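Note sheet for the following structure.
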Amino acid sequence: MNTVLVIQSLISGIMMGSVYALLGVGFSLTWGVMKVIHISHAAFGLLGAFLAYTLLKAWGLDPILSLGVSVPLLFILACVIYRFLIAPITKAKEVIVASMIVTFGIAIILENVMLLIWSPDPRLLTTSYTSKVLILGPLYFQYPRLAGFLMSAVGVLVIHLFLKKTYTGKAVRAAWQQREAAQLYGVNLKRISMITFGLAVASAGAGGVGMAFLYSFEPHAHNIWLIYLFLVVIVGGVGNVIGAALAGLIIGVITGLSLAFLPYQWVNLLTFGLLMVILVIRPQGLFKGEV
Amino acid sequence: MDSIGKKSTGFLVVGLILVAALAVFPWLGPPVYFISLLFTVFLYVVLASSWNLIGGFAGYLSFGHVAFFGIGAYATGMMMKGLGLSPFWTILSSVPAGIIAALVAVIIGYPCLRLRGPYFAVITFCFAFVVDLGVKNLDILGGPEGLWLKSMDLPIHMIRSIMFEVMLVIMILTILLGVWISKSRFGAGLMAIKEDEEVAQTMAINAPKLKIQAFALSAFFPGMAGGIYAYYLTYIHPDIVFDVMISILIVLMALFGGGGTWLGPIIGAVVLTLVNEGLSTFVKAELARIIYGGLFIGVIIFMPNGIMEFFKRGHREETG
C-alpha cells in the first residue's frame, strides 16, 4: 500500500469531514434541543449552495463572502418557518413523527422551488481558485477544499463558543438538559427554540456551501446529504456539538480512505451500511457528552 | 351487544356490495385512465394498511416501507426474467416476492426492532436508502438502467383490467388481515406494546416475537403489491420503486386516516391518492409537488391525530 496515497486520503477525508460536521451540527442541535428531526435541514443547506452559486454568477461574489448575505437570509426564513410550521407541532403527542412529516413536506417544497428556479442540471461552484492546488512535498491540497475546511472549522467553533460562552447559548443548553428547570429560571423556551432553529438552518446554509466546494450539486442532492446528517448525529450523539464535529471527521476519513480504494458508487453504500450498524450497536452515539 | 352485531353486519353488507361493484367495474368498459386510477388507489390502500400493522398498532414507525415494495418489485422482475415465467406465473410469483420481502423484514427487524421511537424511524429510513443504493450498484439487477419486463400479449384495456382485479384481491386480503388483527389477541398485544412496552412485557406479552411477526406481515403485502406493480409498469427502476416519497406518503396516509384502526389507513390512502392524482393531472409537476408538500404540512398541523379524530372532535365540540 502506498503511504503517500493513504496520507493524502486521510487529509482529504478530514477536509470533507469538517464540512459534514458543519452541515450536521445544526441538525444535531434541533434534534437534541427541540426534539425535532429536521428532514429539510439538508435542503436548506442546498439552498445555501444555490444562493452562493447565483451570487457568484451574478456579481462574482466569492462563495464564502456570499455567506454574509445567505446566512442572515436563511436565519430569518428559518425563524418564520419555526413560528408558523414548527412551533404548532411541538405540542403534538408524537413530536418526532409530526416533525419528520412536516419537515419532509418543507423539503419537497424547497426541492421543487429549487427545480423551478435552477433547473435539474448539476452545478459546480467555479471560482478563480477552483483548479489551484497547494503542493507541500509529495502532498497536495486543493484550494476549494482548503477553503471549505477553514470555513467549516470556524463555523463549528463559533457554534461551540456561542453555546458555551453567551447567555443565549447557555439558555439553549439549559433548555436541552433540564426543560422544566430552565423554564423556572426564566428561560423563554419558545424564543430559545426559534433561535436554535434559525442558527441551525443558517449553519446548514454555510455547510451547503462547503458541500458545493466538494461535489457538484443539483436540487435532489439533499437526499444523500440527509443520510450524512443522520450519520453525523448518530455517530456523534444527539445534541452533542463536539461529538458531531468528531463524527464528521471520522466519517470524512472513512469516506476519504474508501474513495481511494473502492469504486465511487460503493462508498456511499459502505458509509450508510456503517450507519445502520452503529445505530443497532450504540444508538446513543459513540461519544458521551453534552451540548 | 346487539347493536355491535348489527353494526358489523352492516359493515359486511356495505363491504360486499362495494367489492362486487369494484370487481365488475373494469368490465363495464370505462376509460383505461379510471382503471389505472383505481389500481393506484388499491395499491396505496395495501401499502398504508400493511404499514399500519407495525406503525399504527405497535407504534413502531417505519419510515422505509418502500424498501419492501421495491424488493417485491425486483423479486418478481428477476423471477420473470430468470425463469422465463408466463403471465399467469408472473402474477403468482408476487407471492414468493412477498415472502422474500417478509424474510428481509425478519432479518433487519431482528436488530432494528430493539430500537425505539425516533431511532427506529431513522434506521428504517436509512435502510430504504441502503437497499436503493445497493440495487443501483448491482448490475445483475439492471443497475441504474433499470429492468424491462415483457408485457402480456393483450390489449392494454385487458391487461389493466387483469392487474386491477389482482390488486383488488391483494387489497381485500390486506384489509381483512387488518380487521382480524384489530380484534385479535395478537392485535391487543401490539397495542399494549404501543401503550407501554415494559408493562406489556410484564403482562406476559412476548414483545420481541410479536413485533417481528407484525413487521414481517407488514412487509409481505407491500412485497406482493410491488411484484404486481412491476408487471403492471413493465419497467422497474430504483428511483421509481424505492422512491423515499412513497415511504413518507404511506406514513402520512395512515396517520391522516388515523393510525391504530383498520379503517383509518384506507380513508387516508383513498383521499390522498385521489388528491395526488388530481394534482399531477391538472398542474405542472413541480407545482403539484409543492402543493403536495404543503398538504403534508397542513395535515399534520391541523389534524395531528388524523382526520377521523378531527371530525369526531369537531362533532363533540358542536354537541357539547
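Please treat every number below as a calculation from the coordinates, not as lab data. Small disclaimer: the values here were computed from a predicted structure and weren't measured. Here the Cβ positions follow ideal geometry from the backbone for every residue, glycine too, while neighbour counts run over all protein chains shown.
Give me a comma-separated list of calculated 3J(HN,Hα) values for segment B:293-304, in order, Karplus coefficients 6.51, -1.76, 1.60 applied at θ = phi - 60°, integers in Hz, x for any Gly or Pro.
x, x, 5, 3, 5, x, 4, 5, 6, 8, 9, x
Considering only C-alpha atoms, what is the centroid distance from segment A:218-288 to segment A:1-73, in Å?
Comparing the Cα centres of segment A:218-288 and segment A:1-73, I get a distance of 14 Å.
Kindly express, to the nearest 10 degrees and within the range 0 to 90, the angle between helix A:41-59's C-alpha long axis and the longest C-alpha principal axis of chain A.
Rounded to the nearest ten degrees, it is 60.
Given axes a ≥ b ≥ c from the Cα gyration tensor, I'd like to know whether segment A:186-258 is rounded (a/c under 1.5), prolate (a/b larger than b/c) or oblate.
oblate
Relative to the longest principal Cα axis of chain A, at what angle does helix A:167-177 sit, 0 to 90 degrees, rounded to 10?
That helix lies at roughly 80 degrees to the long axis.
Rank B:SER161, B:SER94, B:MET191 by how far each Cα sits towards the positive end of the charge dipole of the protein assembly as shown (+1 on Lys, Arg Cβ; -1 on Asp, Glu Cβ) and give me just the farthest.
Going by the Cα projections, it comes out as B:MET191.
Of B:LYS136/B:LYS211; A:LYS93/B:LYS211; A:LYS190/B:LYS211; B:LYS6/B:LYS194; A:LYS57/A:LYS170, which ones are farther than 32 Å apart at the Cα?
Exceeds cut-off: A:LYS190/B:LYS211; A:LYS57/A:LYS170.
Can you compute 3J(HN,Hα) from phi for each residue in segment A:255-264, using the Karplus curve 6.51 cos²θ - 1.76 cosθ + 1.60 with θ = phi - 60°, rounded to whole Hz and x for Gly and Pro?
The phi angles translate into 4, x, 5, 6, 4, 6, 10, 10, x, 3 Hz.
If you rank B:MET158, B:MET152 by fewest surrounding Cβ atoms within 10 Å, what's the result?
B:MET158, B:MET152
Quick check for me: using +1 on Lys/Arg Cβ and -1 on Asp/Glu Cβ, what's the dipole size of the protein assembly as shown about its Cα centre, in debye to the nearest 20? Provide the component values of the computation, followed by the final result.
Details: 35 positive and 24 negative charges, 257 e Å.
The calculated dipole for the protein assembly as shown is roughly 1240 debye.
Quote the charge dipole size of segment B:30-242 about the Cα centre in Debye, to the nearest 20; the model charges only the Cβ of Lys and Arg (+1) and of Asp and Glu (-1).
Details: 11 positive and 10 negative charges, 65 e Å.
Charge dipole of segment B:30-242: 320 debye, to the nearest 20.
Sorting A:LEU124, B:LEU210 on the 10 Å Cβ count, fewest up front, what's the list?
A:LEU124, B:LEU210
Could you state the angle between the C-alpha long axis of helix A:143-165 and the longest principal axis of the C-alpha atoms of chain A, as a value from 0 to 90 degrees rounded to the nearest 10?
Value to nearest ten degrees: 20.
From the phi angles alone, apply the Karplus equation (6.51, -1.76, 1.60; θ = phi - 60°) to segment B:279-288 and give each ³J(HN,Hα) in whole Hz, x where the residue is Gly or Pro.
Each residue's phi maps through the Karplus curve to give 4, 6, 7, 9, 10, 4, 3, 5, 5, 4 Hz.
Given 0.36 nm per residue, what is the gain on full extension from A:ASN188 to A:ASP121 after removing their alpha carbon distance, in nm?
19.7 nm
May I ask for the distance between the Cα centers of segment A:136-204 and segment B:16-40, given as a whole number of Å?
For segment A:136-204 versus segment B:16-40, the Cα centre distance is 56 Å.
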